[in-house]
Amino acid sequence: MEETDAQVNLWLDKLEVEKENAEWRCALIAYVIGEVPGYNYMCRFINRTWENIAEPDIYLHEDGLYVVRFQSLEDMQSVLYYGPHTINNRPIILKQWTADFNFTLDFLTEIPLCVSFPKLPMSCWGGDSLSRVASAIGKPIFANECTSKHSRISFASILIEVNVTKGLPEVVKVMDPNGRQFLQEVEFDWKPEYCPYCMKVGHVCPPPKPNAPPPVPAPSDTPPVAKEKPFMQPKKRRRPQNPIQQ
Ligand SMILES: [Zn+2]
């Protein structure tokens with residue numbers, strides 16, 4: 001939120017603001033890469049695809065983002081944790097609503113992505129070790145049930161909020177308590193393309209030619225590269241029966 005030096009004209013009621021915040025705690029911001037689906041289409045998609053949850057309230061924000069308010073925190077988490085989701089083959093970026101979410105930003109840079117650590121040594125599967133490894137990449141949000149229960153041996157996956165503008169690592173260097181170092185491979189279920197020239201997710205413009213004038217940012221609805229190049233498809237993941245939070 002922007003602060004100014006101007007004199008304050010009025011004060012908002014703390015209780016009411018907190019009450020409103022509590023009501024939006026179960027909401028997700030949904031951003032469809034490429035094109036904003038129409039409201040009725042989006043509603044049909046959500047009610048048909050996100051099953052086993054109570055019907056959420058759906059709002060279209062003027063900036064082309066949807067806000068989906070679920071009836072419970074559990075419903076919200078079951079959608080957020082067990083993505084990635086696509087609509088018409090277009091990836092949907094989902095982010096938890098926060099009181100300071102800035103709708104006027106025309107791109108999202110901190111995006112929750114599902115990250116796996118193939119062949120992570122089993123000694124590192126404790127919650128603390130896992131979140132330390134995850135913190136090398138971003139802000140860990142949730143560890144997949146199969147990881148925390150050790151029910152699958154070679155697979156550890158975590159939902160991590162990652163800043164996509166900084167480039168995503170392929171390995172992280174880990175040091176164990178005995179001072180031994182190893183390189184841990186990092187795999188993303190899906191990662192959005194990020195254009196450093198337009199500072200937007202969803203496409204990448206070709207690099208500017210030397211001595212050429214700076215590129216004109218592409219309008220968000222007609223990404224220049226996306227036309228020839230299909231969107232990278234998120235892999236489907238197994239949906240555990242009893243999600244637990246780390
Ligand atoms: Zn671009």
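The values are calculated or read from the model by the stated rules, or taken from the named source; none is laboratory data. This structure is a prediction, so every number in the text was calculated from the model and none was measured. Heads up, the Cβs are rebuilt from the backbone with ideal geometry, glycines too, and the neighbour counts pull from every protein chain shown. What goes into the accessible areas is simple: the full protein's heavy atoms, side chains included, and nothing from ligands, DNA or RNA. Shrake-Rupley method; radii C 1.70, N 1.55, O 1.52, S 1.80 Å.
Taking the accessible area of region 1-89, probe 1.4 Å, and keeping the other protein chains in place, the carbon and sulfur fraction comes to 47%. Can you check what the net charge comes to around Gly138, using other residues whose Cβ is under 11 Å from the Cβ of Gly138 (Lys, Arg +1; Asp, Glu -1)? After counting each charged neighbour, the total is 0.
Among 80-87, 178-185, 93-100, sorting by the average number of other beta carbon atoms lying within 10 angstrom of each residue, highest first, gives 80-87, 93-100, 178-185. Cross-link check: pairs Lys119/Lys209; Lys95/Lys209; Lys173/Lys209; Lys173/Lys200; Lys14/Lys191; Lys139/Lys209 evaluated at a Cα-Cα cut-off of 32 Å; pairs beyond the cut-off: Lys119/Lys209; Lys95/Lys209; Lys173/Lys209; Lys14/Lys191; Lys139/Lys209.
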